[in-house]
Amino acid sequence: MRVFCACVLALLVSGFAATGVCAQEDNNRDENGKIVRGPYETNRLFDNVWVGVGGGVNIYEHDFKVPGSFGGRLAPSLDINIGKWLTPSVGVRIGYKGLMGASWSENQYNFSSDEPYDNGLYKNSFGTMYIHGDVMWNLSNAISGYKETRLWNFVPFLSAGYARSYKSGVDWKNNELAVGVGLLNNIRLSNRVNLTLEFHQMIVKEGFDSQPASSHGGVAGMTSATFGVAINLGRTGFRRSNREALENQVGTLQTNNEVLVADNQEAKNNNDELQKENDALKARLKEMEEQPKVVEKKIMLDVTPGAVFFQIGQTTLSKQELFHLDFYIKNVIEQDKDKVFTLTGYADKQTGSKKRNQQLSQMRVEYVYNLLQTKYNIPAERLVIKAAGSDVDRWGDPLLNRCVVLE
């Protein structure tokens, strides 16, 4: 355990130095020099998945009051892992760690040598296996912002799982629950290949090497240091959401809405002029003592569809989009009391599965439908809702396809 702490301290110093260097690179900073940390598009199931293998050494620790050479505690180690990055900073993995373990004891136990060594101690040699699940934190990305081409990534992690010690020809075996902490260093060679240097400290109940629990404490540990290679599968890297482009598109739609308001106002003015002319005609007809039936024809505008837009993965509207919806309802829907409007929900097909996108479009259109009924008292018979999922590319832009269209 002392060995592990010393290694972690050294790598912490070098890791923060490397992280600081990477933070100076331009493509994870904005025009003001501030680190950009997101948001990022949701990756698919098999994106940013990796498999890794490594070899090194295990050092078993239990009671250091037992004499015996340090070399007698060393044994070969093997790591096999598969993992996935959920975000640039958070990942999970499952793996196998183990192979062999070794220790000294003053008495002969299940995994001990047949005879004591020259120092009077028995050498315990045994097979070991640790099946574990890990939660990983990419500290380099968390501190300095995500950068796919960063040479060195510093990744602490926590682990827990099932540990087993055994020996060929010996019936006795030890099965325990174990926990651990570790430090993974990823050294980038290409988009697909990384070198890995990993340090891990497993904590397990004492007696894992077949010895009874010591009166000095009830836990033992195994420090592992391995060097290996990791291969990235599927699509690598994360893409930031193009918020600026979306804001520009929303600005364009807002301008179109303003033009629509101006057109509506002009139409209202024209209606006023027509009303004046109609009143004048009525007065003239009255003077002529004629009583014709005046038929009023309601003039409605053929307006363009309205649309409100959602953030990626969201099913509720921002304050800005709620304002646009309020405007469209008061200036279009409430002006024509007889027209039936169709509400169609969409999702973009660039992110998420087809099933998830169908769910998103359904939830978005139901959200707008409920607003029209509960907040604006639009009768249900004037509304028709549809959920188009991501099958229809309505606007030709994934950022605009996260919407509900009213027409």
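How many residues are in a loop (DSSP other than H, G, I, E, B), under 34 Å from the mean Cα position of the chain (by Cα) and of a type outside the set (F, W, Y) when one looks only at the range 376-395? Walk me through how you get there before you give the answer.
Of all residues in the range 376-395, those in a loop (DSSP other than H, G, I, E, B) come to 376-379, 388-395.
Those still in the list that are under 34 Å from the mean Cα position of the chain (by Cα) too: 388-395.
Filter again for of a type outside the set (F, W, Y), leaving 388-394.
Selection size over the range 376-395: 7.
Looking at (1) at pLDDT below 80; (2) out of contact with any Ser or Thr (no Cβ under 9 Å at 6 or more places or on another chain); (3) in a loop (DSSP other than H, G, I, E, B), which one does S210 not meet, given that it meets all the others?
It fails just one condition, (2).
Residue under question is S144, and the condition is that it be at pLDDT below 95 and within 25 Å of P88 (Cα to Cα); does it hold? Walk me through how you get there before you give the answer.
Values: at pLDDT below 95: yes; within 25 Å of P88 (Cα to Cα): yes.
Criteria met by S144.
Say we look at the range 352-407 and pick out the residues that are within 22 Å of N331 (Cβ to Cβ) and among the acidic types (D, E); which of these is surrounded by the most Cβ atoms within 10 Å (Cβ to Cβ)?
Among those that are within 22 Å of N331 (Cβ to Cβ) and among the acidic types (D, E), it is E407.
I'd like to verify a number: residues in the range 363-407 that are in contact (Cβ under 8 Å) with a residue 40 or more places away in the chain and polar (S, T, N, Q), how many?
The total comes to 2.
All but one of (1) at pLDDT below 90; (2) within 28 Å of the chain's Cα centre (by Cα) hold for T316; state the number of the condition that does not hold.
With respect to (1) at pLDDT below 90; (2) within 28 Å of the chain's Cα centre (by Cα), T316 is out only on (1).
What number of residues within the range 339-351 are assigned to a loop (DSSP other than H, G, I, E, B), β-branched (V, I, T) and either free of Cβ contacts under 8 Å to residues at least 24 places away in the same chain or surrounded by fewer than 20 Cβ atoms within 10 Å (Cβ to Cβ) (or both)?
1
Within the range 170-194, work out how many residues are without any contact (Cβ under 8 Å) to a residue 60 or more places away in the chain and within 19 Å of G98 (Cα to Cα).
Within the range 170-194, residues that are without any contact (Cβ under 8 Å) to a residue 60 or more places away in the chain and within 19 Å of G98 (Cα to Cα) number 11.
For the condition β-branched (V, I, T), surrounded by fewer than 21 Cβ atoms within 10 Å (Cβ to Cβ) and modelled with pLDDT under 95, what is the one hit in V250, V229, V179? Steps first, answer last, please.
Values: V229 fails: modelled with pLDDT under 95; V179 fails: modelled with pLDDT under 95.
Answer to the selection: V250.
The values are calculated or read from the model by the stated rules, or taken from the named source; none is laboratory data. Computed from a predicted structure; not experimentally measured. Methodologically, a virtual Cβ is constructed for each residue, glycine included, from the backbone with ideal geometry; neighbour enumeration extends over all protein chains shown.
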